[in-house]
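Notes follow once the structure below has been shown.
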Amino acid sequence: MRDHIPAPAFHIGTVPIWGDLILAPMTGYGDLPFRVICREMGSAMSYVPCILDEAVIYGSKLTAGLTAFSPLERPIAMQLLSKEENTLVEASRRIMALEPDLIDLNLGCPARHVSWRGRGAALLREPARIGTLASQLVRAVPVPVTAKMRLGWDDETRNYREVAHILEDSGVAAIAVHGRTKAQGFGGQADWRAIAEVKRKVRVPVLANGDVRTVEDIAAIREATGCDGVLIGRAAIGNPWNFQRRDVGSVPYLERLDLMRRHLAAMTAHYGEHIGLVLFRKHAVRYLHELEGAKALRHRLVTIETPAELLRLLESWPLSRRLPGTAG
Ligand SMILES: Cc1cc2nc3c(=O)[nH]c(=O)nc-3n(C[C@H](O)[C@H](O)[C@H](O)COP(=O)(O)O)c2cc1C
């Protein structure tokens, strides 16, 4: 009897994607160690979070650190922030030396230092510029180009239909849609119906994004939008079990502890002991945050000074919670 060979969930251009759940790009969280963990848990590809085109061109040491990825993460997309086709094309050609599988154009970043300078979500106010940037990028690189957009600048200018068409006509191979406007930031509710409209209107794969927190939400957003894949952002922090379609509440403490040990070890190996620990502390808070007694532990977690101390605290914590007067 022949073995069953699974099919990819979908393709982005020529790149097969072997699953429908993907860690969303997140500056400050989506670094190499966390992305590898999410990939091992089932995230189907990785995004290197946004990098400024000029930072790539004038290549700082910091940029080199940010673009580091592991072969285990493939397919890997590198996301660029730009507002000008010459710098975008130059940066994308340089980025190709790192051999990413995909290049992604950021059309959603709401941060002031980005959007007030005409990049990220600010481009949604200039759809023609999006067309120029996307088509030049598609021509410049030999890999498929994707884009990640919001629904528009604000409630009065929700131009997502127009932007999606422009992206498709420019040759973009997949579109990720975060169902909010720039003005909404990360508040309010993501509009999954608008994502469904984009999915109905374009032929390229659509990745739906916004407010997916639970296994139930994954099924709901798939059903509501008909999307090809789902990007999970904030809810993956402290909960990569989402990628195994398991709710964090069902994960026993010892399993969390095992993953935290691996995550901390990966962070200290990647950044060195001190920086790795400091950057891991905010993840540790999130791995525990819905557990009883975690609030009281928070201050100790974020001020702890060595990896060994942190591990001792995490290893003894569930026991100490059972003793009256020693909680947290
Ligand atoms: C801390 C943080 C950093 C982010 N960085 C990026 C980024 O670099 N590029 C990007 O396209 N989106 C970025 N996002 C947006 C997320 O990819 C995602 O669109 C958003 O969080 C909504 O999805 P969620 O509800 O699953 O979190 C960031 C979000 C957060 C919270």
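Restricting to DSSP H runs of at least four residues, report the calculated mean residue ellipticity at 222 nm for the chain, -39500 (n - 2.57) per run over all residues, nearest 500 deg cm²/dmol. Value at 222 nm, helices only: -13000 deg cm²/dmol. For Lys282, go through the aspartates and glutamates and keep the ones whose alpha-carbon is under 19 Å away, minus same-chain ones fewer than eight residues off. In chain and number order, the partners are Asp31, Glu255, Asp258, Glu273, Glu290, Glu292, Glu305, Glu309, Glu315. Restricting attention to the chain, close to 10% of DSSP beta bridges with both partner residues there are antiparallel. Rolling a 1.4 angstrom probe over the protein heavy atoms with all chains in place gives the stretch 196-328 an accessible area of 49 Å² per residue. Which net charge results for the neighbourhood of Arg93, defined as the other residues with beta-carbon distances under 15 angstrom from its beta-carbon, given Lys and Arg at +1 and Asp and Glu at -1? Neighbour charge sum, excluding Arg93 itself: -4.
Descending by average beta-carbon neighbour count within 10 Å, the peptides 50-57, 96-103 line up as 50-57, 96-103, the highest first.
The alpha-carbon atoms of the stretch 1-120 define a convex hull whose volume equals 121 cubic angstrom per residue.
When a 1.4 Å probe is rolled over the protein heavy atoms, the share of accessible surface on the stretch 237-315 that falls to carbon and sulfur comes to 55 percent.
Averaged per residue, the stretch 1-75 has 50 square angstrom of accessible surface, using a 1.4 angstrom probe with ligands and nucleic acids left out. Per residue, the Cα convex hull of the chain amounts to 154 Å³.
Count Lys and Arg as plus one, Asp and Glu as minus one, and take only other residues whose Cβ is under 15 Å from that of Ala9; the net charge is then +2.
Counting only protein heavy atoms and a probe of 1.4 Å, the accessible surface of the stretch 51-206 is 51% carbon and sulfur. Here is the size of the stretch 212-328 from its Cα atoms: Rg then Dmax, 15.9, 51 Å. Nearest 0.05, what FRET efficiency do Arg203 and His289 give at R0 = 41 Å with Cβ-Cβ as r? For Arg203 and His289, the calculated efficiency is 0.50. Separation of the alpha carbons by more than 25 angstrom is noted, of Lys83/Lys148; Lys148/Lys295; Lys83/Lys182; Lys148/Lys199, for Lys148/Lys295. Under 5 Å between amide H atoms, partner at least 5 residues away or on a different chain: which partners does Val15 have, H built in plane at 1.01 Å? The answer is none. Summing Cβ point charges (Lys, Arg +1; Asp, Glu -1) relative to the Cα centre of the stretch 145-185 gives a dipole of roughly 200 debye.
Taken as Cα centroids, the stretch 131-177 and the stretch 196-235 sit 17 Å apart, rounded to the nearest whole angstrom. Rounded to whole Å, give me the distance from the Cα center of the stretch 1-34 to that of the stretch 48-121. Cα centroid to Cα centroid, the span is 20 Å.
The values are calculated or read from the model by the stated rules, or taken from the named source; none is laboratory data. Keep in mind that what you see is a predicted model, and the values were worked out from it rather than measured. When we count neighbours, we look across all protein chains shown, and the Cβ atoms used for this are built from the backbone with ideal geometry, even at glycine. Calculation scope for accessible area: heavy atoms of the full protein, side chains included, ligands and nucleic acids excluded. Shrake-Rupley method; radii C 1.70, N 1.55, O 1.52, S 1.80 Å.
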